[in-house]
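Everything below concerns the one structure shown next.
The values are calculated or read from the model by the stated rules, or taken from the named source; none is laboratory data. From a predicted model like this one, the values you see are computed outputs, not experimental measurements. Every residue, glycine as well, gets a Cβ built from its backbone with ideal geometry; the counts of neighbours run over all protein chains shown. Please note that ligands, DNA and RNA were not included when accessible areas were found on the heavy atoms of the full protein model with its side chains. Shrake-Rupley method; radii C 1.70, N 1.55, O 1.52, S 1.80 Å.
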Amino acid sequence: SRRSGNLAVTDLGRIASHYYIRHDTIEGFNAMLNAHLTESDALHVLASANEFESLKVRPEELPEIDKLKKWCKVDVKAAAEDTAGKVNILLQGYINQSKMSGFTIISDTNYIAQNSGRISRALFEISLRRGWSTMTNHFLTVSKCIDRRMWWYHTPLRQFGELPDDVIQKLEDRGADVDRLIDMSSAEIGQLIHNMKAGGKVLGLVRKLP
């Protein structure tokens, strides 16, 4: 309080302290955040955190980064040569469970994965405190994607790691969500994915979900 000189904790300060967010990162978030950002904008804000400023782009990394960018599901707002662009691409590669070969790429991806979870949760709480429902949903979704290493449109059956890739792909291509699958028989699921043997396995996993 400028009038009394008293110091009190603000919501923003409490969030920054709880998630170990740097003050210059919070300053950047204040400049970039608003109530009407898209999903790609939300990822760009996350990738622009100053916690990642040490992850410089090395010339020898660019071919692999460009290759990973082709598999990005969400539009990357920054150039691959920029730190924010590199962080965004490697984070999406981590969620995609893409195979990476370069030692520095793998090391930087692990660093990004370790830090992006807490930063996305901080952004979720900031948006929640400000009453921005759309942004709150964006950052909650991003946080869950990082934790589970899967996108929001993926089937939750991916988490079990028991189904072949072609079965999972067919389920997602046909929009077979859990609510639809739970009402089907194993034979109907087998017909849907053109794999009768896998129908019973899929139904069994669906019934394990909470």
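Tabulated data for the structure shown
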quantity: Residue satisfying condition, being among the hydrophobic types (A, V, I, L, M, F, W, C), touching a residue at least 12 places away in the same chain (Cβ under 8 Å) and closer than 19 Å to GLY117 by Cα, within set LEU68, LEU12, LEU37; calculated: LEU12
quantity: Odd one out for TYR20, checked against (1) open to solvent by 40 Å² or more (accessible area, probe 1.4 Å); (2) over 16 Å from ALA113 (Cα atoms); calculated: (2)
quantity: GLY175, sole failed condition from (1) outside any helix (DSSP H, G or I); (2) at negative phi; (3) open to solvent by less than 80 Å² (accessible area, probe 1.4 Å); calculated: (2)
quantity: Residue identified as under 22 Å from CYS145 (Cβ atoms) and among the β-branched types (Val, Ile, Thr) among ILE26, ILE65; calculated: ILE65
quantity: Region 158-172, residues that are open to solvent by 30 Å² or more (accessible area, probe 1.4 Å) and either in a helix (DSSP H, G or I) or closer than 23 Å to GLN92 by Cβ (or both); calculated: ARG158, GLN159, PHE160, GLY161, ASP165, ASP166, GLN169, LYS170, GLU172
quantity: Members of region 187-208 that are touching a residue at least 40 places away in the same chain (Cβ under 8 Å) and surrounded by fewer than 19 Cβ atoms within 10 Å (Cβ to Cβ); calculated: LEU205, LYS208
quantity: Pairs with Cβ under 7 Å, 6+ apart, first in region 175-186 and more than 13 Å from LEU157 (Cβ to Cβ), second of a type in the set (A, V, I, L, M); calculated: SER186/LEU203
